[in-house]
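Peer 1: First, the structure itself, so that you have it in front of you.
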Amino acid sequence: MKTWTPEHLWEVTLGSLELQVSRPSFSTWLKQTIGISWDGSSLVVGAHSSFVAEWLEKRMSVLVEEAVSKIVAFPVDVRFKVVTSFDASQPSESGIPSITPRPHTINMSNESSFLGTKLNTKYTLSSFVVGTSNQLAYAAAVAVSSRPGKAYNPLFLHSGVGLGKTHLLHAIGNESVGNGLSCLYVTSEQFTNDFITSIQTKQTKSFRDRYRSIDVLLVDDVQFFRGKDSIQEGFFHTFNDLHNSDRQIVIASDRPSGDLSLLEDRLKSRLEWGLSAEMDRPDWETRVAILQKKAGVLGITLPDDVLNMLSQTFLHSIRQLEGALNRLHAFSDLTQRPMSLTTAQHALADLMSLNQHPSPPSTSEVLLQVCALYDISLASLASKKRTKALTQARRTVIYLLREDGQCTLTAIGHLLGGRDHTTIRHMYNQVVSQMPSDQLLQKDIRTARDAIATSAAG
Ligand code: ADP
Ligand code: MG
């Protein structure tokens, strides 16, 4: 009978396993393992982290035992354990034969634990600017990154385009990979293609195995699933497989909440199990913070007038805001012009004409129209009195002065009877966060805006 060294026996087993499991799965879980002891009936295999060892024990031990048993031609018991050092020069513990180092460093690199589209390492939690418009989504992303599968599952992010969904998905992915988890980022189109190919090539089992073996699944742009029933069915099963084993699922959609009307009911009801977080257009303060952060990354300082111009012109999406900044940077760099308002107007002329906004309403006009709307006096608006109408009027006026009038918090505080800017900030934040669910407030703001616009035009 052949006498095996543990290393050699495991090498041969790996050769056979490589043909049986998917390539990503092999490189993620098996490639960087080694045989560390063999007593003629049981084999101990070393992995570099307890996470990998446990994973192999739980999910691959049957397959692995079969493979080893075939090679030695009798039933074999296989166990996995963590080996902290793969350095052969280190004395090995408890009589385990010396370990032959494998050629690669043992670490869970992006490459090995990441199976789908490569994660963009620039999209991190720390490069994400948090404001009232996206704080819930951000907090959920942080929770999911630190307790995947436990905090909110699934996490469902939605917003209009260019407001940070893909950024947050990648950020969760980057955190997870950093924590040694396997992670797959796919767009719904990639998922669809993968699913269809697996049917065409009769590899549905390996399709399922591939998705099932993932700790964190990130699916972007699920709005493209709309109306594709068989794909939704495939996704539904993948979802259940993962959810049942407490793996984290994060989904993003370019549609507002509730507008998943074309998704199958049972898939929709699954999405409702977790947390749904909507992101809104960023308010002025957040737009300024984003510009400053992005300018910092580019190594430039934006003069105040340029900062104001950009943050007041590009309101609809962060992608657009970022695009304008990048264009300005490239322009001033290539033409050697200073970073000034004139340069910005030059560089962004065409974009600006597409984003033409009327000039901000005057503060007196805003105050006047809001007082008229609620039938109150300016003095009572600025007073400390708290009736229902006054509170609602203050909410409306703060929002409009900030959003449309571009007033600072301090200036608003002055206008409202010398209130402190932190009080105004608090009230403004409250308005912004309540706005999506407060129909009455939305209606009042619309009415006041119309009145302001009409009086400005007349
Ligand atoms: P979506 O997927 O919602 O369409 P993206 O995630 O692709 O939007 O965001 C568009 C661009 O804006 C990206 O370059 C992203 O980094 C940037 N971005 C979005 N939100 C933020 C934010 N809160 N802080 C910093 N950058 C952001
Ligand atoms: Mg996106």
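The values are calculated or read from the model by the stated rules, or taken from the named source; none is laboratory data. Computed from a predicted structure; not experimentally measured. Cβ: placed from backbone, ideal geometry, glycine included. Neighbour counts: every protein chain shown. Each accessible area value is taken on the protein alone, full model and side chains, heavy atoms only, with ligands, DNA and RNA left out. Shrake-Rupley method; radii C 1.70, N 1.55, O 1.52, S 1.80 Å.
Peer 1: Could you tell me whether the stretch 292-315 includes any residue that is at pLDDT 85 or above and touching a strand residue (DSSP E or B) at 6+ places or on another chain (Cβ under 9 Å)?
Peer 2: Checking the stretch 292-315: not a single residue is at pLDDT 85 or above and touching a strand residue (DSSP E or B) at 6+ places or on another chain (Cβ under 9 Å).
Peer 1: Shifting gears a bit: Just wondering, is there one or more residues in the stretch 348-357 that are open to solvent by less than 30 Å² (accessible area, probe 1.4 Å) and in contact with a Lys or Arg (Cβ under 7 Å, 6 or more places away or on another chain)?
Peer 2: Within the stretch 348-357, the first condition is being open to solvent by less than 30 Å² (accessible area, probe 1.4 Å), and the residues that meet it are 348, 355.
Those left that are additionally in contact with a Lys or Arg (Cβ under 7 Å, 6 or more places away or on another chain): 348.
Yes: one or more hits.
Peer 1: Further question: Condition check: away from ligand 2 (no atom under 16 Å from the Cβ) and not basic (Lys, Arg). Does Asp221 satisfy that?
Peer 2: On the way: away from ligand 2 (no atom under 16 Å from the Cβ): no; not basic (Lys, Arg): yes.
Considered against the rule, which asks whether it is away from ligand 2 (no atom under 16 Å from the Cβ) and not basic (Lys, Arg), Asp221 comes out as no.
Peer 1: Based on this model, can you work out whether Ala88 counts as at pLDDT below 90, outside any loop (DSSP other than H, G, I, E, B) and out of contact with any Gly (no Cβ under 6 Å at 6 or more places or on another chain)? Reasoning before the result, please.
Peer 2: Values: at pLDDT below 90: yes; outside any loop (DSSP other than H, G, I, E, B): no; out of contact with any Gly (no Cβ under 6 Å at 6 or more places or on another chain): yes.
The answer is no for Ala88.
Peer 1: Can you say whether Glu403 is more than 27 Å from Lys294 (Cα to Cα), surrounded by fewer than 20 Cβ atoms within 10 Å (Cβ to Cβ) and acidic (Asp, Glu), as far as the supplied structure shows? Even if it seems obvious, please write down each step before you answer.
Peer 2: Working: more than 27 Å from Lys294 (Cα to Cα): no; surrounded by fewer than 20 Cβ atoms within 10 Å (Cβ to Cβ): yes; acidic (Asp, Glu): yes.
The answer is no for Glu403.
Peer 1: Just to be sure I understand, how many residues within the stretch 175-198 are touching a Phe, Trp or Tyr at 6+ places or on another chain (Cβ under 7 Å), part of a helix (DSSP H, G or I) and either more than 16 Å from ligand 2 (Cβ to nearest atom) or not aromatic (Phe, Trp, Tyr) (or both)?
Peer 2: Residues that pass the stated criteria total 6.
Peer 1: Can you tell me which residue in the stretch 176-200 is surrounded by the most Cβ atoms within 10 Å (Cβ to Cβ), limited to those that are away from ligand 1 (no atom under 16 Å from the Cβ) and within 14 Å of the chain's Cα centre (by Cα)?
Peer 2: Per the stated criteria, the residue is Cys183.
Peer 1: Do we find a residue being under 16 Å from Gly178 (Cα atoms), in contact with a strand residue (DSSP E or B) (Cβ under 7 Å, 6 or more places away or on another chain) and either hydrophobic (A, V, I, L, M, F, W, C) or crowded, with 17+ Cβ neighbours inside 10 Å (or both) anywhere in the stretch 133-147? Don't jump to the end; show me each part of the working.
Peer 2: Filtering the stretch 133-147 for residues under 16 Å from Gly178 (Cα atoms) gives 141-147.
Add one more test, that the residue is in contact with a strand residue (DSSP E or B) (Cβ under 7 Å, 6 or more places away or on another chain), and what stays is 144.
Those still in the list that are either hydrophobic (A, V, I, L, M, F, W, C) or crowded, with 17+ Cβ neighbours inside 10 Å (or both) too: 144.
Yes: one or more hits.
Peer 1: What residue, among those in the stretch 42-62 that are open to solvent by 50 Å² or more (accessible area, probe 1.4 Å) and of a type outside the set (Lys, Arg), is modelled with the lowest pLDDT? If you could, list the steps in order and put the result at the bottom.
Peer 2: Quick first cut of the stretch 42-62, residues open to solvent by 50 Å² or more (accessible area, probe 1.4 Å) only: 50-51, 54, 57-59, 62.
Next cut, of a type outside the set (Lys, Arg) only: 50-51, 54, 57, 62.
On the way: Ser50: 76, Phe51: 72, Glu54: 83, Glu57: 87, Val62: 88.
Among those residues, the one meeting the criterion is Phe51.
Peer 1: Please go through the stretch 268-322 and give me each residue that is outside any helix (DSSP H, G or I), β-branched (Val, Ile, Thr) and open to solvent by 40 Å² or more (accessible area, probe 1.4 Å), ordered by number. Write out each step before concluding.
Peer 2: Let us first name the residues in the stretch 268-322 that are outside any helix (DSSP H, G or I), namely 272-283, 299-303, 314-317.
From the residues that got through so far, the ones that are β-branched (Val, Ile, Thr) too are 300-301.
Across the stretch 268-322, the qualifying residue is only Thr301.
Peer 1: Which residue, of Gln203, Gln223, is open to solvent by 10 Å² or more (accessible area, probe 1.4 Å), touching a helix residue (DSSP H, G or I) at 6+ places or on another chain (Cβ under 9 Å) and within 16 Å of ligand 1 (Cβ to nearest atom)? Let's see the steps before the verdict.
Peer 2: On the way: Gln203 fails: within 16 Å of ligand 1 (Cβ to nearest atom).
The match here is Gln223.
Peer 1: Here's something else I'd like to know. List, please: which pairs have Cβ atoms under 9 Å, are six or more places apart or on different chains, and start with a residue in the stretch 216-231 that is more than 16 Å from Asp265 (Cβ to Cβ) and in the same structural domain as Ala151 (by TED's automatic domain parsing) and end with one that is open to solvent by 60 Å² or more (accessible area, probe 1.4 Å) and not in a helix (DSSP H, G or I)?
Peer 2: Gln223/Arg255; Gln223/Leu262
Peer 1: Just checking, how many residues over the stretch 132-175 are among the charged types (D, E, K, R) and either within 14 Å of ligand 1 (Cβ to nearest atom) or closer than 29 Å to Val431 by Cβ (or both)? Lay out the reasoning, then the answer.
Peer 2: From the stretch 132-175, those among the charged types (D, E, K, R) are 147, 150, 165, 175; that's our starting set.
From what's left, either within 14 Å of ligand 1 (Cβ to nearest atom) or closer than 29 Å to Val431 by Cβ (or both): 165.
Here the count works out to 1.
Peer 1: Right, something else. In the stretch 437-446, is there at least one residue being open to solvent by 30 Å² or more (accessible area, probe 1.4 Å) and either more than 25 Å from Gly131 (Cβ to Cβ) or in contact with a Gly (Cβ under 9 Å, 6 or more places away or on another chain) (or both)? Spell out the reasoning first.
Peer 2: Residues of the stretch 437-446 that are open to solvent by 30 Å² or more (accessible area, probe 1.4 Å), as a first pass: 437-440, 442-443, 446.
The next check asks that each one be either more than 25 Å from Gly131 (Cβ to Cβ) or in contact with a Gly (Cβ under 9 Å, 6 or more places away or on another chain) (or both); those that pass are none.
There is no residue in the stretch 437-446 that is open to solvent by 30 Å² or more (accessible area, probe 1.4 Å) and either more than 25 Å from Gly131 (Cβ to Cβ) or in contact with a Gly (Cβ under 9 Å, 6 or more places away or on another chain) (or both).
Peer 1: Counting only residues that are among the hydrophobic types (A, V, I, L, M, F, W, C) and open to solvent by 10 Å² or more (accessible area, probe 1.4 Å), how many does the stretch 15-33 have? Steps first, answer last, please.
Peer 2: Initial filter on the stretch 15-33 (among the hydrophobic types (A, V, I, L, M, F, W, C)): 17, 19, 21, 26, 29-30.
Narrowing the set further to residues that are open to solvent by 10 Å² or more (accessible area, probe 1.4 Å) leaves 19, 21, 26.
Selection size over the stretch 15-33: 3.
Peer 1: Still on this structure: Looking at Asp265 and the list (1) within 16 Å of ligand 2 (Cβ to nearest atom); (2) open to solvent by 70 Å² or more (accessible area, probe 1.4 Å), which single condition is not satisfied?
Peer 2: (1)
Peer 1: Output yes when any residue across the stretch 248-257 is assigned to a loop (DSSP other than H, G, I, E, B) and of a type in the set (S, T, N, Q), and no when none is.
Peer 2: Step one: of the stretch 248-257, the residues assigned to a loop (DSSP other than H, G, I, E, B) are 254-257.
After this cut, where a residue has to be of a type in the set (S, T, N, Q) as well, the list is 257.
Yes: the stretch 248-257 contains one or more residues that are assigned to a loop (DSSP other than H, G, I, E, B) and of a type in the set (S, T, N, Q).
Peer 1: Give the residues of the stretch 151-174 that are more than 9 Å from ligand 2 (Cβ to nearest atom), in contact with a Phe, Trp or Tyr (Cβ under 8 Å, 6 or more places away or on another chain) and under 23 Å from Phe314 (Cβ atoms), sorted by residue number.
Peer 2: Listed by number, the residues that qualify are Leu168, His170, Ala171.
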